[in-house]
Amino acid sequence: MFEEMTVEFILGHLNYWFFILLMMTGLYVVIAKGNLVKKIVGLNIFQTSVFMLYISTGKVEGGTAPIFPMDMKIDPEMIYSNPLPHVLILTAIVVGIATTSLGLALIIRIREEYHTIEEHEIAEQETKISLAELNGDQLISGGNS
Amino acid sequence: MLVITALAVVRTRSLFAVVTLSGVFSLLSALLFVTLDAVDVAFTEAAVGAGISTVLMLGTLALTSRSERSEKKTQIVPLLTVVVAGAAMVYGTLDMPNFGSPDAPAQTHVGPEYFERIPKEIDVPNAVTAILASYRGFDTLGETAVVFTAGIGVLMLMSGLGRRRKEDEDDPDQEGGST
């Protein structure tokens, strides 16, 4: 009995664990990679796996898509999946594309200013600039070396 | 397959390939949404995730650079963070109901109520449309506001792109930082 329960439990939760694995992959890309475009891609992966997690909570065993017959006579035997997560995720996808496009526009702007989209190179330039400001008059001789 | 694609994104250096892989990832997830009965979501994901965002990213690549430079930074701290966060989330799922179980809290509360009310109150066959436009109309209004704000932000950031680029060409000293 107990043995059977554990197998059922693992199978019933395996999908969540896969989504968490995907989520963590996305998070790793966001944290560890220095390239800004790659960070955005990682953010998208993270986002999509959160969507999958939500949608999978709405699934009902043996259910079908929540679309009724045209005459609205719903068969009481018919099982439909829960439409509420679908609605929420539709909204989230559109908001996600909005944030993605804003991020990409920011990247283009950063590239214009720093001529690079690598995080550590931007940091180097920032240090150089602040050092130059500290040195004041030595800016001309120090900046070109 | 989704996992393989995601891992490929981590390993690949060519940004063009990364963007293409993210399109592949979106399409695969749209397939997954179909099998999870969320056809509307699959639609949107295929159009928005695989279509528009790939196009936007390719546009960004055209304006920036194509490949990622290697860096010698140590990767252990982010890996550790990710493993700890993932373990915490797996611990959280242990309390969740089994996948697809009909007596999960999500299925017993508002879901059935919508199924009873939609035929009487809205009379739209697609339950997702009915909820999106009627019961959760304010969400959709908020979403439009977000998209509008993002659009304004993008326009403000991108305006004068050509003008500034011309100024850069006139003044070649600024190119010194790029190497």
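The values are calculated or read from the model by the stated rules, or taken from the named source; none is laboratory data. Keep in mind that what you see is a predicted model, and the values were worked out from it rather than measured. Please note: Cβ atoms are built from the backbone with ideal geometry, for glycine as well, and neighbour counts cover all protein chains shown. Remember, those area values only see protein heavy atoms, side chains included, never the ligands or the DNA or RNA. Shrake-Rupley method; radii C 1.70, N 1.55, O 1.52, S 1.80 Å.
Peptide B:19-28 is shielded by partner chain Cβ atoms: per residue, an average of 3 of them sit within 10 Å of its Cβ. Ordered by solvent-accessible area of protein heavy atoms (1.4 Å probe), largest first, the residues B:ILE52, A:ILE93 come out as B:ILE52, A:ILE93.
When each of the peptides B:31-42, A:114-125 is scored by how many other beta carbons lie within 10 Å of its residues on average, the order from highest to lowest is B:31-42, A:114-125.
Inter-chain Cβ neighbour count for A:106-113, averaged per residue, equals 5 (cutoff 10 Å, partner chain atoms only). Largest accessible area first, the listed residues B:HIS109, A:HIS13 line up as B:HIS109, A:HIS13 when surface is computed with a 1.4 Å probe on the assembled protein chains. The interface between chain A and chain B buries about 8000 Å² of solvent-accessible area in total (1.4 Å probe, ligands and nucleic acids excluded). The local environment of B:PHE99, defined by Cβ-Cβ distances under 9 Å, has a net charge of 0 under the rule Lys, Arg +1 and Asp, Glu -1.
In sequence order, the stretch A:83-100 has phi-based couplings of x, 5, x, 4, 4, 4, 6, 4, 4, 5, 4, 5, 4, x, 5, 4, 5, 4 Hz under the Karplus curve 6.51 cos²θ - 1.76 cosθ + 1.60, θ = phi - 60°, and Gly or Pro positions carry x. Using a probe of 1.4 Å on the protein chains alone, the accessible area found for B:MET158 is around 60 Å².
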